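One structure is given here, and the rest of the page talks about it.
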Amino acid sequence: YVYVSQLVQARGMRMGIETHRRAKPYNMGTLYWQLNDCWPGISWSSIDHFGNWKALHYEAKEAFENVLISFESEGDQVDIYIVNDLLNNIDETLKVRLIDFQGNELWNSSKALNVPSNSSMLVESFSIDLIEETQWNQVMLEAHYGDYSSTYFFAKPKNLVLSNDNIHFEIQKLAEGFSIDLTSPVFQKNIMLMTHADGHFSDNYFDLKANEKRTILFQTESSSIEELSFKSLNQLQTE
């Protein structure tokens, strides 16, 4: 219950933040309540009493990046915006592809784009006519622009058809903590890593695409994280 409530909060906040940013210059700033907790408890803060980042804080970090790829849907159309808060123009190639939860590419397109500094720009529109209605909850739209990327789902998280397959972990000790490599043969939604060791995950509550390696840094003074475990929406939907 606590895990899912954090995902709902993070999703709602991100939708609001992205809507505000797409509306630039009519909206030029966003604050959310609240940052941290002064005592232990289940609350709406994004950082708990012990300094651990909740799902909202990881989501807010991405949503407030200087360059944001954001999606907006209306009717049978999905619009792709790029918000550039930098003080310089960006010349990159926008690459868009439709993939299923097994990693198969169903469609792709690319085009060179110049996004002006300090702007919000509609850069592409995608018609869902390319997708059969029965597949809306089994595919995702992925957009890349230079070093930035974002993913759009055509159904709510609770309606996605997810497989509860294994996640393979490879853990390596580093001077600053541990490097954790994750791979899975299927798409894994909202992975939450957990361990009893005190420390900080470089990312958490993240999505893992099928057959792609994701590397997470766990910064800690502990000499072991043998009790590393995880939750994902895949587990909850297939229980």
Residue 171/residue 27 FRET efficiency (R0 45 Å; Cβ-Cβ; nearest 0.05): 0.60
Nitroxide proxy distance, nm - points 7 Å out along Cα→Cβ at residue 74 and residue 179: 4.6 nm
Carbon + sulfur, % of accessible area of the chain - ligands and nucleic acids excluded, 1.4 Å: 49 percent
Share of Cα-Cα pairs in the chain lying beyond 22 Å, as whole percent: 59 percent
Per-residue SASA entry for residue 121, accessible area with 1.4 Å probe, Å² rounded to 10: 60 Å²
Cleavage-rule hits (trypsin sites (Lys or Arg not before Pro)) in the stretch 165-239: DSSP loop, at most 13 neighbouring Cβ within 10 angstrom: 213
Estimated FRET transfer efficiency when R0 is 30 angstrom, pair residue 156-residue 229 (beta carbons, to 0.05): 0.70
Full-stretch length increase - residue 107, residue 66 - with 0.36 nm per residue and alpha-carbon distance subtracted: 11.9 nm
Counted charge near residue 102, where neighbours are those whose Cβ lies closer than 13 Å (Asp, Glu -1; Lys, Arg +1): -3
Within the stretch 90-160, chymotrypsin sites (Phe, Trp or Tyr not before Pro) in DSSP loop having at most 12 other beta-carbon neighbours inside 10 Å: none
Angle between the chain longest axis and helix 2-22 axis [Cα atoms, degrees, rounded to 10]: 30 degrees
Accessible surface of residue 217 - all protein chains present, 1.4 Å probe, nearest 10 Å²: 50 Å²
Additional length obtainable on full extension of the chain from residue 236 to residue 88, 0.36 nm per residue less Cα span: 48.9 nm
Count of lysine pairs in the stretch 1-141 with Cα separation under 27 Å (8 or more residues apart, or interchain): 5
Accessible surface, per residue, of the chain when the full set of protein chains is kept, probe 1.4 Å, Å²: 56 Å²
Estimated 222 nm signal from helices in the chain, with DSSP H stretches of n ≥ 4 weighted -39500 (n - 2.57), rounded to 500: -4500 deg cm²/dmol
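The values are calculated or read from the model by the stated rules, or taken from the named source; none is laboratory data. As the structure is a prediction and not an experimental result, all values here were calculated from the model. Methodologically, a virtual Cβ is constructed for each residue, glycine included, from the backbone with ideal geometry; neighbour enumeration extends over all protein chains shown. To get the accessible areas, we keep the full protein, side chains included, count just its heavy atoms, and leave off ligands, DNA and RNA. Shrake-Rupley method; radii C 1.70, N 1.55, O 1.52, S 1.80 Å.
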